[in-house]
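One structure is given below, encoded as structure tokens.
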Amino acid sequence: MNRGPVQGRWIGHWEPEDPGFWERTGKKIANRNLWASIFVEHVGFSVWTLWSVFVLFMGPEYGVDAAGKFFLGATATLVGAILRVPYTFAVARFGGRNWTVVSALLLLIPTIAAAFVLQPGTPYTVFVVMAALAGFGGGNFASSMTNINAFFPEGRKGTALGLNAGGGNLGVALIQLIALLTIAIAGAGQPKILLMIYIPLIVVCAVVAALNMENIASVSNDKGAMKLALREKDTGFMSFLYIGTFGSFIGYSFAFGLVLQTQFGRTPLQAAAVTFIGPLLGSFIRPLGGYLADRLGGARVSQWNFVLMAVAALVCILASGANSLGLFTLGFILLFVFSGIGNGSTYKMIPAIFRRQALSRIAAGAAEGPTMLHARRVSGAAIGLISAVGALGGLAINLGFRQSFAATKSGVPAFWAFLAFYLVCAAVTYRVYAKQRTTARTAPDRPALVRV
């Protein structure tokens, strides 16, 4: 496929690492695509987490216990994670702009379907199917991040990806805030009000994407990047780390309100009054994680951030033992904050890792242009795969809480497991990436060891 500079909605030449090109043309186009992408991803996250708020409306008349509600959240998380793989393929197959429009319109399926069945007396199996359909919203993240990664130069990826993901993550907080207002104004028996808001919003975001975004031909041309990304050991390491950051964010987003209701006996209104705070802060702070990673190195930021996540989990454990709702809420919100920072810093590491590999090949004699283009393609594919695996952490968290409450009527055993996992993540980050950065300081002539 050989397109000129711009034909219709296709861009044939894209060199963001060229300062002249970036200032003349690239920056304006990239930023326009970024803000349109944020809008679609934001609505996608809201749809994905619809059932984290619907369960707050589901009183005894629905006949669904706490374990069943946790399972609804786990179902939506699982399907959203699985869909991230084909959504990443779709960017290369159809183009980033084209797929963004399609993926936005697909959000109409779970919202319109829920409008017909969300009521007492509906069989639980139907609720499970509806939660699975909400997974369409989870797939948006992978295609959006893969697409935006291709638009920005290396030095701006951390901030750009942080803004893209953070704006998307805000969809979690907004849907929970709207749920709070709905319960406060209309009562806990009117969950369909949320659908009346979001169905028109989905149409609007699809139109915005269609009018403001472009496809990059070089990304579309590459059909083998996914296989190359699967062969990279760094794809596996970063998937593991992203389970600890984004997996925590989305898992806690689904579980926070239910944990407050189950462990501390909060009413739907009392739970909804605080559940949006954690996702809100975690979303707003995610760009800071990318910004810090751009300047300090993603590995260093991620390593210490995992330690802080372990400390926050310990606060939740101590608060549970003391039956302190205030301290528990603080610890849970800190988990959101640190997961947000970690989301930004770990995502910044991905393109930096593949750029480091490219510089090593260039130093060994490879041609610079094709080698750097290859790195951008593979890192884009890796981003989609890593986001899919990372989202499975949300499934693990919801199943962990489900089992913990079923066995002990408390979330403490689950928090101990999460704490141990965060410490393992910190150790892996240091051993595989942060330690290499330290070595690079003593070997400045080794281009393969640039800062990650």
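Spin-label model, Leu230/Glu23: points 7 Å from Cα along the beta carbon direction are separated by 4.4 nm. Distances between every pair of Cα atoms in segment 65-169, grouped in 10 Å steps from 0 to the bin holding the largest one, split as 14, 38, 29, 14, 4, 0 percent. Treating each Cα of the chain as an identical point scatterer and summing with the Debye formula, the log10 of I(q)/I(0) at q = 0.06, 0.10 Å⁻¹ comes to -0.24, -0.67. Here Lys69 is the anchor, and the lysines within straight C-alpha reach of less than 28 Å, apart from those fewer than 8 places off in the same chain, are Lys192, Lys409.
Across all C-alpha atoms in segment 1-87, the radius of gyration and Dmax reach 21.2, 64 Å. The charge dipole of the chain, taken about its Cα centre with unit charges on the Cβ atoms of Lys, Arg (+1), Asp and Glu (-1) only, comes to about 900 debye.
From the Cα gyration tensor of segment 177-309, with a ≥ b ≥ c the square roots of its eigenvalues, which class applies: rounded if a/c is under 1.5, or else prolate if a/b is larger than b/c, or else oblate? Display every interim value, and only then the final one.
Values: a/c = 2.41, a/b = 1.37, b/c = 1.77.
In terms of gyration-tensor shape, oblate.
Diffusion coefficient of segment 330-381 by Stokes-Einstein, Kirkwood radius over Cα pairs, 25 °C, 0.890 mPa s: 194 µm²/s. For the cross-link pairs Lys157/Lys233; Lys348/Lys435; Lys157/Lys227; Lys28/Lys157, the ones whose C-alpha atoms lie over 19 Å apart are Lys157/Lys233; Lys157/Lys227.
Taking 0.36 nm per residue of separation and subtracting the current Cα-Cα distance, fully stretching the chain between Leu330 and Val129 would add 69.0 nm.
Which order, highest average first, do 282-293, 259-270, 205-216 follow once you tally other Cβ atoms within 10 Å for each residue and take the mean per peptide?
Working: 282-293: 24.8, 259-270: 18.2, 205-216: 19.9.
Top to bottom by mean Cβ count within 10 Å: 282-293, 205-216, 259-270.
What is the calculated FRET efficiency for Thr408 to Ile197, with r their C-beta to C-beta distance and R₀ = 41 Å, to the nearest 0.05? It comes out at approximately 0.60.
May I ask you to give the solvent-accessible area per residue for the chain, in square angstrom, as obtained with a 1.4 angstrom probe? Kindly include the intermediate steps, with their values, before the conclusion.
Values: 16560 Å² over 452 residues.
So the chain comes to 37 Å² accessible per residue, rounded to a whole number.
Shown here: segment 129-215, whose C-alpha atoms stretch 49, 26, 23 Å along the first, second and third principal axes, sorted largest to smallest.
Residue separation times 0.36 nm, minus the C-alpha to C-alpha distance between Phe284 and Ala427: what's the value? Stretched fully, the Phe284-Ala427 segment lengthens by 48.8 nm. Here the accessible area of the chain is 67 percent carbon and sulfur, with a 1.4 angstrom probe and all protein chains present.
Compared with the direct C-alpha span, the chain from Val311 to Leu211 gains 31.4 nm at full extension, assuming 0.36 nm per residue.
Order 171-184, 70-83, 375-388, 325-338 from most to least packed using the mean count of other Cβ atoms within 10 Å.
On the way: 171-184: 22.4, 70-83: 25.5, 375-388: 27.0, 325-338: 20.4.
Descending packing order for the listed peptides: 375-388, 70-83, 171-184, 325-338.
Residues whose amide H lies under 5 Å from that of Trp10, counting only those 5 or more places away or on a different chain, are Asn215; hydrogens are built 1.01 Å from N in the peptide plane.
Which value in deg cm²/dmol, rounded to the nearest 500, describes the helix-derived mean residue ellipticity at 222 nm for the chain, given -39,500 (n - 2.57) per DSSP H run of n ≥ 4 and division by the residue count? Intermediate results must be reported in sequence, preceding the final value.
Details: 19 runs with 362 residues, N = 452.
The per-residue figure over the chain is -27500 deg cm²/dmol.
Which order do the peptides 342-354, 157-169 take when ranked by the mean count of other beta-carbon atoms within 10 Å per residue, highest first?
Details: 342-354: 29.0, 157-169: 25.6.
Top of the packing list down: 342-354, 157-169.
The values are calculated or read from the model by the stated rules, or taken from the named source; none is laboratory data. This structure is a prediction, so every number in the text was calculated from the model and none was measured. Quick reminder, even Gly has a Cβ in these numbers, built from the backbone with ideal geometry, and neighbours come from all protein chains shown. Each accessible area value is taken on the protein alone, full model and side chains, heavy atoms only, with ligands, DNA and RNA left out. Shrake-Rupley method; radii C 1.70, N 1.55, O 1.52, S 1.80 Å.
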